[in-house]
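The next block holds one structure in the form of structure tokens; read it before the comments.
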Amino acid sequence: MTEAVVNGTVDNGYALVNPAGHHALPETGLGFCIFNNVAVAVRHAQAELGIERIAIVDWDVHHGNGAQAIFGEDPSVLTVSLHQDRCFPPNSGLVTDRGTGAGHGYNINIPMPVGTRDGGYQYAAQTVIGPALEAFAPELVLVASGFDPNAMDPLARQLVTTRGFITLTETVMAAADRSAQGRLVLVQEGGYSPVYVPFCGLATIETLAGVHVLDDAILPVVGGMGGHDLEPHQKALVDLVAEHVTDVHHP
Ligand SMILES: [Zn+2]
């Protein structure tokens, strides 16, 4: 998929792979993950496809600890993880984990409070993810695309609807258009609600493809419950992380 996107065979792509990969470390699997699929794509693109600067955006509800561990010292790979605060791995993905050595500043964690809804996700996308990608100017954008922030997921406590996933997708598409000639690959990670994950996945792929096929049948329920606005404690967390974006530069 990454080769097809880099070569221009397709505009963007969604790799519907299983098992997930974003918890996997170089020496061992973790969580439900065996191999870190996105990390393999990054190193393949750098080694074989002539791409130097790559951004990874991880919106799985659990921390993208694998990429943080693998690329933490590497300023050629910007890693941004938007996840639920201290969900999995335990105590992983803190705001203060910012990369080490030459990679300092190129690992950004956004540990959203439990119960964050579309408004909080939209604010994080607009305030941190978009500006960080703009500052870094990647040549390729990869996304660890988990749908487990969804409002019906049994393995987390966030309340995101298809509206949130559409915003995230639009954010990375805009970033890829700015600096990467649109080169964008989403790679499937988690997502455990058999009822809602299919709608979240479809909405994401519809956004990538620029088409609309099917309405979200669950949205009138989960989206109509109210309380989707940004809340002060969520804004405070995102604003704290946003201060770190100024450390991201075009290397
Ligand atoms: Zn997950």
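Overview of values
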| quantity | calculated |
| --- | --- |
| Criterion (more than 16 Å from the ligand (Cβ to nearest atom) and of a type outside the set (K, R)) met by exactly one of T161, T204 | T161 |
| Where a residue in segment 71-96 is closer than 16 Å to H250 by Cα and free of Cβ contacts under 8 Å to residues at least 40 places away in the same chain and its partner, wherever it lies, is open to solvent by less than 60 Å² (accessible area, probe 1.4 Å) and within 11 Å of the ligand (Cβ to nearest atom), with Cβ under 7 Å and at least six apart | T79/G64 |
| A137 vs. criteria more than 16 Å from the ligand (Cβ to nearest atom), more than 14 Å from the chain's Cα centre (by Cα) and aliphatic (A, V, I, L, M) | yes |
| Selected residue (criterion: farthest from the chain's Cα centre (by Cα)) from residues of segment 107-124 that are farther than 26 Å from H249 by Cα and part of a helix (DSSP H, G or I) | G119 |
| Some residue of segment 207-229 being hydroxyl-bearing (S, T, Y) and either closer than 20 Å to T161 by Cβ or surrounded by 12 or more Cβ atoms within 10 Å (Cβ to Cβ) (or both) | yes |
| Members of segment 77-120 found to be buried (at least 18 other Cβ atoms within 10 Å of the Cβ) and of a type in the set (S, T, N, Q), listed by number | T79, S81, Q84, S92, N107, N109, T116 |
| Residue list for segment 167-186, restricted to those being open to solvent by 10 Å² or more (accessible area, probe 1.4 Å) and either β-branched (V, I, T) or in contact with a Cys (Cβ under 7 Å, 6 or more places away or on another chain) (or both) | T167, T171 |
| Tally of residues being farther than 20 Å from E139 by Cα, open to solvent by less than 10 Å² (accessible area, probe 1.4 Å) and among the small types (G, A, S) across segment 21-70 | 4 |
| Every residue from segment 137-152 that is open to solvent by 10 Å² or more (accessible area, probe 1.4 Å) and among the acidic types (D, E) | E139 |
| Test: residue in segment 188-195 that is among the small types (G, A, S), surrounded by fewer than 17 Cβ atoms within 10 Å (Cβ to Cβ) and touching a Leu at 6+ places or on another chain (Cβ under 9 Å) | no |
| Near pairs, Cβ below 9 angstrom, 6+ apart or cross-chain, from segment 200-218 (in contact (Cβ under 8 Å) with a residue 24 or more places away in the chain and farther than 24 Å from R183 by Cβ) to any residue that is part of a loop (DSSP other than H, G, I, E, B) and polar (S, T, N, Q) | D216/T161; I218/T161 |
| Any pair with Cβ under 7 angstrom, 6 or more apart, that starts in segment 19-35 at a residue that is without any contact (Cβ under 8 Å) to a residue 40 or more places away in the chain and ends at one that is surrounded by fewer than 24 Cβ atoms within 10 Å (Cβ to Cβ) and among the hydrophobic types (A, V, I, L, M, F, W, C) | P19/F32; P19/C33; P19/I34 |
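The values are calculated or read from the model by the stated rules, or taken from the named source; none is laboratory data. Everything quoted here is computed from the prediction, not taken from an experiment. Cβ atoms come from the backbone with ideal geometry, glycine included; neighbour counts cover every protein chain shown. The area values use the complete protein model at the heavy-atom level, side chains included, leaving out ligands, DNA and RNA. Shrake-Rupley method; radii C 1.70, N 1.55, O 1.52, S 1.80 Å.
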